[in-house]
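Worksheet: one structure, shown below.
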Amino acid sequence: MVGDKEKIRKAVRDNYSKVALKGSSGGCCSGGCSCGGSSPDIKESSLRIGYTNEEISGVPAESNMGLGCGNPIAIASLKEGETVLDLGSGGGFDCFLASRQVGERGLVIGVDMTPDMVFLARKNAEEYAYKNVEFRLGEIEHLPVANESVDVIISNCVINLSPDKDKVFKETYRVLKPGGRLSISDVVATAELPDNIKQDLKMLAGCIAGAEYVENIRSMLEETGFNDIVLTPKDNGREIVKSWAPDRNVEDYVTSYIIEAKK
């Protein structure tokens with residue numbers, strides 16, 4: 001992939017800033033649009049990646065921009081009173097879903113590096129009176145979260161965007177309480193990506209070019225100290241990623257996975 005990490009971060013930030021400004025009208029990113037920029041049907045793409053009609057209709061429509069490659073809430077087994085951290089929280093969609101499960105005694109923290117996304121998420125939280133959700137501006141490689149303060153970390157198709165994935169996992173380990181867990185949906189590589197995809201910043205911002213090989217993800221988690229690591233391919237993962245770039249055969253190289261681990 002392109003070697004300049006700051007160049008990568010800028011490309012990702014610029015892309016998702018545009019998505020935030022478009023809001024739920026959609027944008028060119030993960031979630032069902034092609035990299036040519038066509039807007040997806042937000043509800044259709046959300047159903048395809050694993051959300052239910054009840055989940056989609058139960059949170060602010062403005063928070064759902066069709067982003068993601070799975071439904072981390074479905075695997076997180078959240079409990080009342082838990083503290084949840086969402087890496088790359090976007091407009092707040094997963095945070096608002098999580099807030100209902102952890103209840104008034106719980107807390108949901110969303111972290112995003114795009115100011116426009118944080119602004120949108122905070123606006124949604126205020127307008128819809130979410131009292132147990134807060135959004136912080138920051139990079140997932142340098143989380144603005146205290147040591148051992150989080151029960152569960154969720155994330156939806158975000159870690160692939162980071163040029164320092166090992167740092168991300170070290171940060172997740174730092175902020176998790178002993179016994180805390182990861183419940184992540186992400187795109188991973190199952191074969192070596194061609195250079196013409198790896199060097200394409202649009203493919204990076206589209207959650208494809210930055211995908212790490214699945215066994216490297218396992219090694220990073222093990223080296224960080226996680227245990228009970230389970231990496232599970234999503235049944236329709238290839239279909240999901242194919243819809244993002246139907247003319248590039250990306251499904252031959254990447255797919256959607258569920259990543260679970262415990263501290």
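What follows is calculated from the coordinates using simple rules that are stated; it is not laboratory data. Given the structure is predicted, the values throughout are model-derived calculations rather than measurements. Here Cβ is always computed from backbone atoms with ideal geometry, including for glycine, and neighbour counts include all displayed protein chains.
At each listed q (0.07, 0.10, 0.18 Å⁻¹), what is the log10 of I(q)/I(0) that the Debye formula gives for the range 5-262 modelled as equal alpha-carbon point scatterers? So the normalised log intensities work out to -0.20, -0.41, -1.56. In percent, rounded to a whole number, the relative contact order of the range 189-263 is 36, using alpha-carbon pairs under 8 Å and six or more apart.
Sorting 189-196, 202-209 by their mean Cβ neighbour count within 10 Å, with the most densely packed peptide first, gives 202-209, 189-196.
With viscosity 1.306 mPa s and temperature 10 °C, the Kirkwood radius over alpha carbon pairs of the range 66-196 converts through Stokes-Einstein to a diffusion coefficient of 107 µm²/s. Less than 20 Å from a label point 7 Å out along the Cα-to-Cβ axis of E44: which backbone N atoms in the range 217-247 qualify, by residue? 236-247, by backbone N distance to the label point. The lysines within cross-link reach of K198, meaning a Cα-to-Cα straight distance under 29 Å and a gap of 8 or more places when in the same chain, are K5, K7, K10, K18, K22, K165, K167, K170, K234, K242.
Can you list which of the trypsin sites (Lys or Arg not before Pro) found in the range 113-162 are DSSP loop residues with at most 10 other C-beta atoms within 10 Å?
Details: sites: R122, K123, K131, R136; in loops: K131.
Sites meeting the loop and neighbour criteria: K131.
Multiplying the residue separation of N249 and H142 by 0.36 nm and subtracting their alpha-carbon distance yields 35.1 nm. Pairs of alpha carbons in the range 108-162 separated by more than 15 Å make up 52% of all such pairs.
With 10 angstrom as the radius, rank I217, I75, I240 by how many other C-beta atoms surround their C-beta, starting from the fewest. Please list the in-between numbers first.
Numbers: I217 24, I75 19, I240 27.
Starting with the residue having the fewest Cβ neighbours, the order is I75, I217, I240.
Gain on full extension, evaluated as 0.36 nm per residue between K5 and S149 minus their Cα-Cα distance, stands at 49.0 nm. Relative to the Cα centre, the charge distribution of the range 5-262, modelled as +1 at Lys and Arg Cβ and -1 at Asp and Glu Cβ, gives a dipole magnitude of about 400 debye. Centre-to-centre, using Cα atoms only, the range 187-249 and the range 56-79 are separated by 20 Å.
Ranking P60, M220, I75 by Cα position along the charge dipole of the chain, where only Lys, Arg, Asp and Glu carry charges on their C-beta atoms, puts P60 farthest toward the positive end.
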